[in-house]
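See below for the structure under consideration.
The values are calculated or read from the model by the stated rules, or taken from the named source; none is laboratory data. Keep in mind it's a predicted model, so treat the numbers as computed, not measured. Backbone-built Cβ (ideal geometry, glycine too); neighbour counts: all protein chains shown. Accessible surface is based on the protein model in full, side chains and every heavy atom, while ligands, DNA and RNA are left aside. Shrake-Rupley method; radii C 1.70, N 1.55, O 1.52, S 1.80 Å.
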Amino acid sequence: MKRWPVAMLQDSPQLLEWVYRCTAFWFRLLNPLWKRIGYERVARVMIPLEIVTKKPLFGCQMCGQCTLHSTGMTCPMTCPKNLRNGPCGGVRADGHCEVFPDMPCVWVQAYERSLRMPIYGPEIHHIQPPLDRRLEGSSAWVNWVSGRAHALEMVWDD
Amino acid sequence: MTEGKLVAGSRLERVLRSGRFAVTAELNPPDSADPEAVYERALVLAEVCDAINVTDAASARVHMSSIAACALLVRAGYEPVLQITCRDRNRIALQGDLLGAAALGIRNVLCLTGDDVGAGDQPQAKRVFDLDSIQLLRMARIMREKGVFLSGRRLDVAPKFFLGAAANPFVPPYEWRPYRLAKKVAAGAEFIQTQLCFDVPRLRAFMAKVCDIGLHERVFILVGVGPLKSVKTAEYMRRRVPGIHIPDEIVERLRKAGSARGQREEGKRICVEIIQQVKDIPGVAGVHVMAYAQEELVAEVIEEAGLLPRPHRPTPPSAVGVKGPKDNQKLAPYVP
């Protein structure tokens, strides 16, 4: 049983996307400073910070390539198949997971929440590139700001 | 509909682009190292369909690999659709397999995520899922169009595939399913084969939305259909096969049919009726007939639905550059 403030936050995508927007703004602003300090050093602070915030809230798996705002503020890595682009064809009639019948499908939740997100909601229709598995366990925030998370996109985009 | 330049020149592609109603059928590779077993199953199907889908360890149960079974079909002059899933292979293996498949003369590929390992008889296995179906599609498209691997390294000869993907309009989130299809089309899908349809009203609603957003003009949609052998099969599929939705009315109809023989006939009748209803839904370009381990039944269904004869244009093995052993022609004669 989840404690109510966590459950309530999880189901407030409009609030979470606003938080994301503010954080993203500040991180981008801080980028030159981070660069001077050294991304490695910043990551040492950021990784524990990400673990204590994103783990209880989203079930973060530390894939290092956070795409929460494009997936209805619901972590796609909690899908047992790690699908990044939407639900598989195995979703049960009650909206639960093919693999774990007791778990609601991550993507059913993601879609419902994306509809309540005025800023980033439509991004659920974007195609997410394959993961860079080397980034597992690293800081998604630092990867995003430093551009490490976008290494593959040159070939990927049409 | 989606006329235009041929990308792979496969028979399936030609049938679809010419605007004819296409019929594909599913073949489950045997639990055998004997090529005869593949030919036997294909023989029944080849006469009644435009292309044969070869499953890739469906329900996570091991059978002969789909690439090998497809290669056998190509050698014998049949037209296979290679089903390839993300469950068992990472991106390195997938890219290698795509090149190998093209070299073996396979021209149609259906990119799937794959059933979870837990659905099969070896749930101890590691689930890979390095890519998902949409990423696999886009990767195959990049290899074809840009002639490069995912790393950007150049290919000497790009694989020319007619690219397909699956859709399941019969499970939640229903409203998103048409948009998910749109995503697959954006990723590179040129044809779609849906999960088994037993719920025509649901399909109708899905197709209405698909036409509404103009997808029927950009992709060929083949609706999955299949005969149910008995009430027991229906119950089993409902319980154990992921993503299958069978309404109660259908099971009730089967139950009323009584004897095993009666149920088999009723199952066939239901399937024929569904095909006839589906045929008239705007945006439907064909049907994909699936019947696990009852290939003869598939032939009967296609015949009774009035979908014969097929506009056959056999591709002789030599035309696709595959030199098979001579006696393969004897093993599985192509019947035009």
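Placing one identical point scatterer on every Cα of the stretch B:11-320 and ignoring solvent, what is log10 I(q)/I(0) from the Debye formula at q = 0.09, 0.13, 0.16 Å⁻¹? At q = 0.09, 0.13, 0.16 Å⁻¹ the computed log10 ratios are -0.42, -0.93, -1.48.
Each residue of the stretch A:81-94 was assigned a 3J(HN,Hα) from its phi angle through the Karplus curve 6.51 cos²θ - 1.76 cosθ + 1.60 (θ = phi - 60°); the sequence is 8, 6, 5, 9, 10, x, x, 7, x, x, 4, 6, 4, 8 Hz, with glycine and proline shown as x. Rounded to the nearest 500, the 222 nm mean residue ellipticity of chain A from helices alone is -14000 deg cm²/dmol, with -39,500 (n - 2.57) taken per DSSP H run of at least 4 residues. Sorting A:Phe100, B:Phe161 by solvent-accessible area of protein heavy atoms yields A:Phe100, B:Phe161, largest first, with a 1.4 Å probe. In the stretch B:180-201, comparing the full protein assembly with the chain on its own, the residues that lose 50 Å² or more of accessible surface at a 1.4 Å probe are B:Arg180, B:Lys183. The share of Cα pairs per 10 Å bin across the protein assembly as shown, counted from zero up to the longest distance, runs 4, 19, 29, 25, 14, 7, 2, 0 percent. Within chain A, the ratio Rg/Rh, alpha carbon atoms throughout and Rh by Kirkwood, equals 0.97. With the full set of protein chains in place, find how many percent of the accessible area of the stretch B:11-320 is carbon and sulfur; take the probe as 1.4 Å. Answer for the stretch B:11-320 is 51 percent, counting heavy atoms of protein chains only. Other residues with beta-carbon under 9 Å from the beta-carbon of B:Ala158 carry, at +1 per Lys or Arg and -1 per Asp or Glu, a net charge of +1. With Cα atoms as the point set, the radius of gyration and Dmax of the stretch B:19-72 evaluate to 11.6, 39 Å. With the simple spin-label model, which puts each label point 7 Å out from Cα in the Cβ direction, the A:Trp18 to B:Ala68 separation comes to 6.0 nm. Between amide H atoms placed 1.01 Å from N, distances below 5 Å from A:Ile127 occur with no residue 5 or more places distant or on a separate chain.
Ranked by solvent-accessible area (1.4 Å probe, protein heavy atoms only, all chains present), the residues B:Asp116, B:Asp248 order from largest to smallest as B:Asp248, B:Asp116. Note on the stretch B:58-181: the alpha carbon radius of gyration divided by the globular reference 2.2 N^0.38 Å gives 1.10.
Screening chain A for DSSP H helices whose Cα atoms reach 27 Å or more along their own axis and whose mean Kyte hydropathy is at least 0.5 gives nothing.
Calculated over the stretch A:1-84, the projected area of the Cα convex hull averaged across directions stands at 6.2 nm².
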